[in-house]
């Protein structure tokens, strides 16, 4: 069976699709068979990212490693058995089609609470939650006391992850390995950065997730999307200079892949 990696966060703009695409490309470049699903049926940022990559390869006459991307299959309402949910059936069908074809399946969730996202979280072997490094996004994980800054309790999203863990336990599946990654960590405002880090460490012990650095804020991420490229493609395509900033960014991708501690995976690119 495929090892399922879900990238989830109920707030937009945290870098979910960028994270998903870079993880998928990294694993594919390492020789693993990789599948991809996008559960944001409106925006489809990850899906469009893969499509842009396919178009770039055709246009330039080159081959780049990429995931097997599969849109969720359409199911007529008349074909849905009584008491079943059409979105559950669509996701189950897509996962089943890719399950035996790939080693790793990346699922990119929308920046909102949906039935599809809730179901995907219960399927996750590893859950990756990108978080902008600020207390605005920290609110996704926990509620804070406005006066003291103390953690009052888990957020609605954290409770949803807890419920997904309970469902997996009831089904006899292994626990979700939850990794929260800190994206857009600023070089300035060190005091606020430390406060966010301290709060994350405290919360991680209370609700059970690991914390790792993610991707810094870089203009190149926005420039790569229209061509479907990642930082790992620059050397092969000649589309960007390997500046010190880009080399540092590649190291961030390598560190993230290794932080996931996936079975049989050690980033060496």
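What do you get when you divide the Cα radius of gyration of the chain by 2.2 N^0.38 Å, with N the number of residues?
Details: Rg = 18.7 Å, N = 269, 2.2 N^0.38 = 18.4 Å.
Cα Rg divided by the expected 2.2 N^0.38 Å: 1.01.
Just to be sure I understand: of the beta bridges DSSP finds with both ends in segment 126-269, what percent are antiparallel, rounded to 5?
20 percent
By what distance, in whole Å, do the Cα atoms of segment 8-71 stretch along each of the three principal axes, largest value first?
37, 24, 19
By what distance, in whole Å, do the Cα atoms of segment 50-168 stretch along each of the three principal axes, largest value first?
So the extents along the principal axes, rounded to whole Å, are 57, 46, 24.
Could you calculate the contour length gain from residue 248 to residue 99, that is, 0.36 nm times the residue separation minus the distance between their Cα atoms, to one decimal place in nm? Write out the running numbers ahead of the final one.
Numbers: separation 149, 0.36 × 149 = 53.64 nm, distance 3.40 nm.
Between residue 248 and residue 99, full extension yields 50.2 nm more.
With each pseudo-label sitting 7 Å past Cα toward Cβ, what's the residue 222-residue 30 distance in nm, one decimal?
3.1 nm
Normalised by the residues of the chain, what does the relative contact order come to in percent, with Cα pairs under 8 Å and at least six apart? Walk me through the intermediate numbers first.
Working: 437 pairs, mean separation 64.6, N = 269.
Value for the chain: 24 percent.
Rounded to the nearest 500, what is the chain's calculated 222 nm mean residue ellipticity when only DSSP H runs of at least 4 contribute -39500 (n - 2.57) each, over all residues?
Working: 10 runs with 117 residues, N = 269.
It lands at -13500 deg cm²/dmol.
Computed from the coordinates by the stated procedures, all read-outs in this text should not be read as laboratory data. Note that the coordinates shown come from a computational prediction; the quantities given were computed from them, not determined experimentally. Quick reminder, even Gly has a Cβ in these numbers, built from the backbone with ideal geometry, and neighbours come from all protein chains shown.
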